[in-house]
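Inspection log for the structure reproduced underneath, given as structure tokens.
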Amino acid sequence: MNQPESAKAVTASQTTIEFRGGKALSALPILFFIAWAIFQSGLLGISATGGLIVGMLVGLILGMLFVKGDWKEYANTVFEGMAQPVAVTAIVAWLWAGMFAGTLQVGAFVDGLGWLAVAAGIGPLLFPAITFLLAALLATGIGTGYGTVIAFVALFFPAGVALGADPVIMFGAILSGAVFGDNLAPVSDTTIVSAVTQDSDVGGVVASRFKYAIIAAILSLIAYVIASAMFSGSTIAPEVAEAFRAQTNPAGLLHLLSMGVVIFTAIAGRHIIEAISWGLIVAIVVNLVFGLAPGTDMLVFNVAEGGWAAATFGGWPLVEVVAAADAGVGGSLYDGALGFAELAVLILLVIAGAQIMMRGGAFHALEDWLLGTVAKTVRSAEMVMVTVTASINAAITINTAAQIAVAPYIATIGKRFNINGYRRANILDANTSALGYIFPWAGGVLVGYTQMTALVEQYDWFSTDMVVAPIQAWPWVFHGWLLVIVFLVSAWTGFGREYTTDRLSNRSTTS
């Protein structure tokens with residue numbers, strides 16, 4: 001999801017909206033939404049995405065009441081925010097990933113994973129740790145953490161839960177893998193944006209950040225094994241687990257070819273949409289050629305019985321005659337894409353709220369204050385860089401959007417203290433990658449939750465008490481937390497710190 005051009009569009013925004021009460025009131029829509037999300041999800045235990053949409057809409061309306069003069073500019077800024085490429089890019093990736101994961105799902109890939117786990121003797125103790133590793137590898141290969149979350153929640157999550165792994169730990173492991181890939185993948189949009197905005201090359205940025213990522217990853221791997229040993233929260237009945245083992249099927253592993261096509265084409269430099277499209281085509285062919293799923297499992301037109309259409313097209317491929325109440329379109333392509341419709345609306349509104357905050361000046365006022373009063377030494381400057389990126393990510397739930405918004409300030413602070421571009425890019429990317437998958441209202445968490453709720457309809461044995469609410473997941477995203485901690489410690493101790501003159505000295509020595 002290479003979209004570095006969008007950085008110029010956002011940073012070019014000027015403060016053009018004035019609020020009664022000052023610049024701070026421009027943050028009202030986002031702050032209201034966060035308070036709504038905490039109340040709805042944290043206190044009431046309601047994780048409905050539709051409710052969050054209403055919260056964001058009410059926040060935008062409240063913000064408008066404090067605008068000085070004509071409200072037209074405020075309304076235009078809402079549209080301007082919703083049209084940001086970062087939001088559209090994320091939504092498009094969800095649609096493609098949803099279709100791909102759904103098609104692998106009807107092709108018995110989960111049964112294949114279950115067979116492999118049983119054959120290899122992998123139980124609930126190791127399944128979350130292995131899931132973290134594989135999710136990290138996939139996310140690093142294809143460069144999209146959101147796509148990885150969708151695929152792994154659809155495929156690995158039910159297999160792990162059926163084999164007795166704790167659902168909450170499983171979800172945390174998947175989110176952690178997405179964090180790792182978003183942070184380290186050369187083709188990740190966050191990697192590219194962090195490098196471009198800090199005047200650094202992508203290859204050098206990836207090489208220099210490996211030491212931070214691998215420390216957090218090793219500790220996370222150990223933590224998932226320990227957590228799985230200490231907590232056994234699986235609610236699946238023994239007879240259901242046994243039934244799942246009985247239906248496991250090695251033929252489902254043929255879809256490793258489909259996933260391999262996606263990873264290979266992404267690594268080869270193709271756009272993620274192209275890579276997933278090729279994987280989807282291969283998955284459909286594998287399903288049909290090897291009899292893993294009929295065509296109607298992937299796309300079906302359900303025509304109402306008794307009508308002209310039923311008499312004319314009944315019996316055609318991909319057409320089924322059903323009762324009038326069941327008429328419609330179905331299959332993995334339809335369900336996989338449409339499952340994220342509500343979440344897409346929410347993300348567009350959140351980005352609109354963030355744009356209001358930037359055009360109103362609250363965002364810039366906060367960073368100017370930090371720059372002028374807190375960042376006095378190299379250590380305090382780096383601590384500010386870490387904390388300000390974390391704060392912005394709490395408000396803007398799409399990590400790439402948050403990264404683009406804060407990038408100019410990270411560059412300004414870092415250059416003032418002669419901090420190397422690689423170091424600045426690493427601090428910027430680590431926090432935006434990590435926290436985009438931790439906060440309960442973050443896009444990465446919500447997309448996983450949305451995919452998870454669909455499992456209730458897809459598996460007879462998967463009950464609603466196995467669905468992990470977004471508010472439950474945040475403590476278990478070990479790699480995300482550890483990555484933030486690694487950079488806090490690094491900023492405090494100076495571990496890995498490089499100055500611009502260090503790189504210049506190295507070039508001089510080697511020339």
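The values are calculated or read from the model by the stated rules, or taken from the named source; none is laboratory data. Small disclaimer: the values here were computed from a predicted structure and weren't measured. Here the Cβ is made from the backbone with ideal geometry for all residues, glycine too, and neighbour counts use every protein chain on show. Just the protein is used for accessible areas: all its heavy atoms, side chains included, with ligands, DNA and RNA removed. Shrake-Rupley method; radii C 1.70, N 1.55, O 1.52, S 1.80 Å.
Reported count of residues in the stretch 453-485, each being of a type outside the set (D, E, K, R), in a helix (DSSP H, G or I) and either more than 21 Å from the chain's Cα centre (by Cα) or over 21 Å from Leu133 (Cα atoms) (or both), is 10.
Scanning the stretch 167-205 for residues that are among the hydroxyl-bearing types (Ser, Thr, Tyr) and in a helix (DSSP H, G or I) yields Ser176, Thr190, Thr191, Ser194, Thr197.
Every test in (1) more than 30 Å from Val240 (Cβ to Cβ); (2) assigned to a helix (DSSP H, G or I); (3) open to solvent by 10 Å² or more (accessible area, probe 1.4 Å) is passed by Phe156 save one, and that test is (1). For the stretch 138-147, the count of residues that are surrounded by fewer than 24 Cβ atoms within 10 Å (Cβ to Cβ), farther than 28 Å from Pro294 by Cβ and not aromatic (Phe, Trp, Tyr) is nonzero. Screening the candidates Gly361, Gly295, Gly353 for the property of being under 26 Å from the mean Cα position of the chain (by Cα) and not hydrophobic (A, V, I, L, M, F, W, C) yields one hit, Gly353. Screening Ala87, Ala117, Ala83 for residues that are among the hydrophobic types (A, V, I, L, M, F, W, C), crowded, with 24+ Cβ neighbours inside 10 Å and under 30 Å from Ser188 (Cα atoms) leaves exactly one candidate, Ala87. If you check Leu254, Leu221 for being in contact with a helix residue (DSSP H, G or I) (Cβ under 6 Å, 6 or more places away or on another chain), open to solvent by 30 Å² or more (accessible area, probe 1.4 Å), closer than 20 Å to Asn183 by Cβ and of a type outside the set (D, E, K, R), only one passes: Leu221. On the given criteria, is Phe132 touching a His at 6+ places or on another chain (Cβ under 9 Å), closer than 20 Å to Val262 by Cβ and modelled with pLDDT of 90 or more? It is true that Phe132 is touching a His at 6+ places or on another chain (Cβ under 9 Å), closer than 20 Å to Val262 by Cβ and modelled with pLDDT of 90 or more.
For the stretch 70-112, filtered to residues that are without any contact (Cβ under 8 Å) to a residue 24 or more places away in the chain and more than 12 Å from Ile351 (Cα to Cα), the residue that is farthest from the chain's Cα centre (by Cα) is Asp70. Please give the number of the condition Trp36 fails out of (1) part of a helix (DSSP H, G or I); (2) open to solvent by less than 70 Å² (accessible area, probe 1.4 Å). Going through the list (1) part of a helix (DSSP H, G or I); (2) open to solvent by less than 70 Å² (accessible area, probe 1.4 Å), Trp36 breaks only (2). Among the residues of the stretch 355-370, just one is buried (at least 19 other Cβ atoms within 10 Å of the Cβ) and aromatic (Phe, Trp, Tyr), namely Phe363. Entry remark, the stretch 238-251: residues being in contact (Cβ under 8 Å) with a residue 24 or more places away in the chain and either out of contact with any Asp or Glu (no Cβ under 7 Å at 6 or more places or on another chain) or crowded, with 19+ Cβ neighbours inside 10 Å (or both) number 8 in total. Annotation: Gly164 fulfils all but one of (1) part of a loop (DSSP other than H, G, I, E, B); (2) open to solvent by less than 10 Å² (accessible area, probe 1.4 Å); the unmet one is (2). Taking the listed residues Thr190, Thr140, Thr131, the one that is polar (S, T, N, Q) and farther than 19 Å from Lys211 by Cα is Thr131, with no other qualifying.
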